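Enquirer: Questions regarding the structure given below will be posed in turn.
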Amino acid sequence: MDVVTLVIIYVTLFACLVFILLFGEASFFRDGFIGRMHRGLTDSFPHYLHKTLLMICGQRVVRKLDSGSKYLLESRHPLLQIFYLSLITGCIFIFWQNAWPAIPNSHVGKIHVYTVPLMIASVYGSFILASWSNPGVLTRENNDRALSIWEYDHIIFTPKMCRTCQFQKPARSKHCSICKACIAKSDHHCAWINNCVGHLNYRWFLLFLFTTCGIAFYGSYLVLQIFRAEMDKRQIHDLWVMDRITQERSRISFKQKWLYMIHHEMMLAALGIFAALGGIVVLAFICYQLSLVFRGVTTNESFKWDDIDYDIRKGQLRMPRELYDFNHGRHEEDQSTTRAKGNTTATRRKGRKGNEKSHDQERDDYVSIKSIAQIKNIYHGGPWANLMDILFPSPLNV
């Protein structure tokens, strides 16, 4: 089995693992094989690993391991930031040692002498912006402003108090247990930047992703062109190879050319392959994030909508007629009146008791939701408007 086949196998297995971990809980996969694999990896495996370690190492050691895992998973720390910086800096150092002396050449123009340092600076700059920018931390001073920006849809967001911060949570906000603060229009907590991604810094997070993806593909492109120039310099295209069994001579093949270059420039080849694979992973995440932006949802909200979709698929969701009309803009009351309503949230279907309303009355009071398309996302203003809201967020402190 050659190197290329091994790389393809490992990359495929890694991609499957990432896919299962990220999307195993999605409503479409939750009850199938992928959902079972997700539960096995996230629930069963840690459980049996804990029991095994308890039998082998004892309670004292396991308690320390639990404390360490809790620190890694549930507290704010810079370990992944340090890892990212070490990874990027190490790759840049390898590039500087092995590729920079070959620029410019017959396949790489002089312009790259200037664009490479600019790309490197943009990666570090975007990382600093994403890591240390304010994601939209809510306080008593700016909470009223956040409440006025986003109205409650009474489906995934209803008026409620944050028990930790002790004020009313605005729609689209979420309390981050790691940052220990409520975040306006919270998307998710990103361990790579050791910071929450929210209303005020989502643009810097996207910039961080784009520059990381850009430098990965740019680096792999330059390695490719350096290899092509080196092939021309060594006149590899004119080489002949001999079959050890038949003793027949033939022109060197495309695959043999590249294997020859990989063998003679292993460090540079490893950098190019790693950069290309890393770029693909980050590009996939960028596409996912942009799909959320253009649909007018955050990562946090996508999980909520997914739970609703799951209930709909199971035939377990019905919505009060009053809320359904409000969701579709067919309401005459203002938002303050709507907030004061009592039972205006979507409910799961339950069995009727004898003293409940008749079937006809219940049918008038409730709307059975058969498809997620029946529910309108009031926060979706169209792809362009959503993007502008990300790039130019409304200030929280005015």
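Enquirer: For region 295-329, enumerate the residues that are outside any helix (DSSP H, G or I) and surrounded by fewer than 16 Cβ atoms within 10 Å (Cβ to Cβ).
Expert: Going residue by residue through region 295-329, those that are outside any helix (DSSP H, G or I) are 296-298, 314-320, 328-329.
Result: 314, 315, 316, 328, 329.
Enquirer: May I pose another question? Looking at the structure I just gave you, is residue 355 assigned to a loop (DSSP other than H, G, I, E, B) and at pLDDT 60 or above?
Expert: Working: assigned to a loop (DSSP other than H, G, I, E, B): yes; at pLDDT 60 or above: no.
Here the answer is no, as residue 355 does not meet what is asked.
Enquirer: Could you tell me whether residue 107 is surrounded by 14 or more Cβ atoms within 10 Å (Cβ to Cβ) and either assigned by TED's automatic domain parsing to the domain that holds residue 231 or under 30 Å from residue 309 (Cβ atoms) (or both)? Reasoning before the result, please.
Expert: Values: surrounded by 14 or more Cβ atoms within 10 Å (Cβ to Cβ): yes; either assigned by TED's automatic domain parsing to the domain that holds residue 231 or under 30 Å from residue 309 (Cβ atoms) (or both): yes.
Considered against the rule, which asks whether it is surrounded by 14 or more Cβ atoms within 10 Å (Cβ to Cβ) and either assigned by TED's automatic domain parsing to the domain that holds residue 231 or under 30 Å from residue 309 (Cβ atoms) (or both), residue 107 comes out as yes.
Enquirer: In addition: Of the conditions (1) surrounded by 16 or more Cβ atoms within 10 Å (Cβ to Cβ); (2) at pLDDT 95 or above, residue 102 clears all except one; give me its number.
Expert: (2)
Enquirer: Within region 127-146, can you find the residues that are assigned to a helix (DSSP H, G or I) and in contact (Cβ under 8 Å) with a residue 24 or more places away in the chain? If you could, list the steps in order and put the result at the bottom.
Expert: Within region 127-146, the first condition is being assigned to a helix (DSSP H, G or I), and the residues that meet it are 127-132, 143-146.
Within region 127-146, 127, 129, 130, 131, 132, 143, 145, 146 meet the criteria.
Enquirer: Continuing with the same structure: If a residue counts only when it is aliphatic (A, V, I, L, M) and surrounded by fewer than 12 Cβ atoms within 10 Å (Cβ to Cβ), which helices (runs of 4 or more DSSP H) contained entirely in region 1-62 have at least 2 such residues? Before you say what the answer is, go through the steps one by one.
Expert: Working: elements: 3-23, 33-39, 45-57.
Output list reads 3-23, 45-57.
Enquirer: Separate question: Can you find a residue that is more than 19 Å from residue 366 (Cα to Cα), in contact with a Lys or Arg (Cβ under 9 Å, 6 or more places away or on another chain) and either in the same structural domain as residue 156 (by TED's automatic domain parsing) or touching a residue at least 60 places away in the same chain (Cβ under 8 Å) (or both) anywhere in region 278-297? Let's see the steps before the verdict.
Expert: So in region 278-297, the residues more than 19 Å from residue 366 (Cα to Cα) come out as 278-297.
Those still in the list that are in contact with a Lys or Arg (Cβ under 9 Å, 6 or more places away or on another chain) too: 297.
Next, from what is left, pick out any that are either in the same structural domain as residue 156 (by TED's automatic domain parsing) or touching a residue at least 60 places away in the same chain (Cβ under 8 Å) (or both): 297.
Among the residues of region 278-297, at least one is more than 19 Å from residue 366 (Cα to Cα), in contact with a Lys or Arg (Cβ under 9 Å, 6 or more places away or on another chain) and either in the same structural domain as residue 156 (by TED's automatic domain parsing) or touching a residue at least 60 places away in the same chain (Cβ under 8 Å) (or both), which makes the answer yes.
Enquirer: For the condition more than 27 Å from residue 310 (Cβ to Cβ) and hydrophobic (A, V, I, L, M, F, W, C), what is the one hit in 21, 6? Don't jump to the end; show me each part of the working.
Expert: Numbers: 21 fails: more than 27 Å from residue 310 (Cβ to Cβ).
Every option except 6 fails the conditions.
The values are calculated or read from the model by the stated rules, or taken from the named source; none is laboratory data. In this text, all values refer to a predicted model and were calculated from it rather than measured experimentally. Glycine gets a Cβ as well: all are built from the backbone with ideal geometry, and neighbour counts include every protein chain shown.
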